[in-house]
Amino acid sequence: MNMEYTKTILVTGGAGFIGSHLVRLLVNKYPDYRIVNFDKLTYAGNLKNLTDVEKAPNYTFLKGDICNLQEMQDVFEHYDVTDVIHLAAESHVDRSIEGPMEFVMTNVVGTVNLLQVAKAYWTGENHVFHHVSTDEVYGSLGSEGLFEETTAYDPRSPYSASKASSDHFVSAFHHTYGLPVKMSNCSNNYGSHHFPEKLIPLMINNIVHKKPLPIYGKGNNVRDWLWVVDHVSAIDAIFHLGRVGESYNVGGLNEWTNLDLVKHLCKLMDQKLGRAEGENEELITYVTDRAGHDMRYAIDATKLETELDWRPSVTFEEGLEHTVDWYLANAEWVEEITSGSYREYYQSMYDNR
Ligand code: NAD
Ligand code: DAU
């Protein structure tokens, strides 16, 4: 055990969108913790998300694959890992429809690999394996109701099936072997450093470049949006104060149809870019729907609010404005991503859609 630090937290997927926000929070808020960011640096992992903390004395980055048993064992052994916050995953639903196997490998096999290593390495008390998951495991809602922690799992895309499977393995390791697990299931995140394959950053980027804004189907599917900074503050609360063996839903009671959201973004960006009112909205284009497109997600976060006193810190309008401002101020970050293999991805997803 490295006596300099009170905990050594292995954050998997810490170079991705949510992971980088979480690493930043942990490194700055807990100088007495060592934060080991373990990430494969897939297309979605980007060390430029973490330039502000890369020199912090309590931060270490390791490139590696959670599917590789030897690598995971070496990390636990070498760093004496006391806790895990597991975010590494393939995260994009459209990609899972094109190729499910990668999702099975990382999200299912990789998670079980990590569970096995934690189980083998940890003896005694005071460890936490926090698994970060999604509300998509609950399936799709009609116009009424909210997902609760007790809602039956009903995953419907290859992505959500792989995340549901990983959630079941996490629970099974708790029930069967007593591994001290905690789990969180969050709604759609948005914010800075979001890879521009997802709805909000893709639309922001297309508006900037006056490209068509591709709305799947009629645009009446509903998502419940939460600022990424509020998601990582919920992870912080659950990791530290949540009950072992429990899962917590995370969301902001902030439902938008995709069409209303994109129109709202268009208006905001008309102002930001000094364009005429309504100019951006003219870019909206309706394209072929996503296969098996879930109609509505909405989270009941009462358990998290009442047990752990968590609340979102910003309104959606504030969070979205902050996000748009970040993308406009960080054109270079977007440019680096969208100039490479993203172009091929974009063409294959959107040409002839
Ligand atoms: P992301 O795609 O932006 O980042 C995933 C990260 O995992 C990347 O840095 C990638 O390099 C890394 N990674 C992928 N495969 C790996 C492997 N085999 N070994 C090690 N690292 C690997 O994803 P995100 O949006 O930041 O999501 C993070 C987690 O949160 C995921 O588990 C996702 O299911 C969950 N989640 C996401 C949302 C959301 O709205 N984005 C909402 C709820 C839950
Ligand atoms: O609910 C949590 C989930 O949210 C996370 O677990 C996933 O990792 C994350 O990717 C996200 O999944 P979604 O499929 O909801 O997000 P996405 O941004 O891909 O799409 C949001 C909605 O916008 C969805 O109804 C599909 C629609 N859409 C998306 C894209 C990329 C469009 O209409 N046009 C688009 O070009």
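In table form, for the structure just shown:
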quantity	calculated
Output for region 120-153, where each listed residue is more than 12 Å from ligand 2 (Cβ to nearest atom) and either under 15 Å from N249 (Cβ atoms) or outside the structural domain of I238 (by TED's automatic domain parsing) (or both)	H130, H131, G145, L146, E148, E149, T150, T151, A152, Y153
Candidates L328, L304, filtered to the one that is at pLDDT 95 or above and under 20 Å from the mean Cα position of the chain (by Cα)	L304
Count of region 28-57 residues which are over 16 Å from the mean Cα position of the chain (by Cα) and surrounded by 24 or more Cβ atoms within 10 Å (Cβ to Cβ)	2
Number of the exception - Y190 against (1) without any contact (Cβ under 8 Å) to a residue 60 or more places away in the chain; (2) over 27 Å from L115 (Cβ atoms)	(1)
Any chance T123 is of a type in the set (S, T, Y) and open to solvent by less than 20 Å² (accessible area, probe 1.4 Å)	no
Single match in S166, S133, S91 (criterion: buried (at least 17 other Cβ atoms within 10 Å of the Cβ), in contact with a Phe, Trp or Tyr (Cβ under 9 Å, 6 or more places away or on another chain) and closer than 24 Å to V232 by Cβ)	S91
Filter pass, S192 being within 16 Å of the chain's Cα centre (by Cα) and within 11 Å of ligand 1 (Cβ to nearest atom)	no
Of residues in region 136-163 being in contact with a Ser or Thr (Cβ under 6 Å, 6 or more places away or on another chain) and among the acidic types (D, E), the one most open to solvent (accessible area, probe 1.4 Å)	E149
Residues being open to solvent by 10 Å² or more (accessible area, probe 1.4 Å) and polar (S, T, N, Q) - total across region 169-186	2
Any hit, region 75-84, residues being buried (at least 16 other Cβ atoms within 10 Å of the Cβ), more than 16 Å from ligand 2 (Cβ to nearest atom) and closer than 30 Å to T302 by Cβ	yes
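The values are calculated or read from the model by the stated rules, or taken from the named source; none is laboratory data. Remember, predicted model here, so these are calculated numbers, not experimental data. Virtual Cβ from ideal backbone geometry, glycine too; neighbours counted across all protein chains shown. Surface accessibility is based on the protein's heavy atoms, side chains included, excluding ligands, DNA and RNA. Shrake-Rupley method; radii C 1.70, N 1.55, O 1.52, S 1.80 Å.
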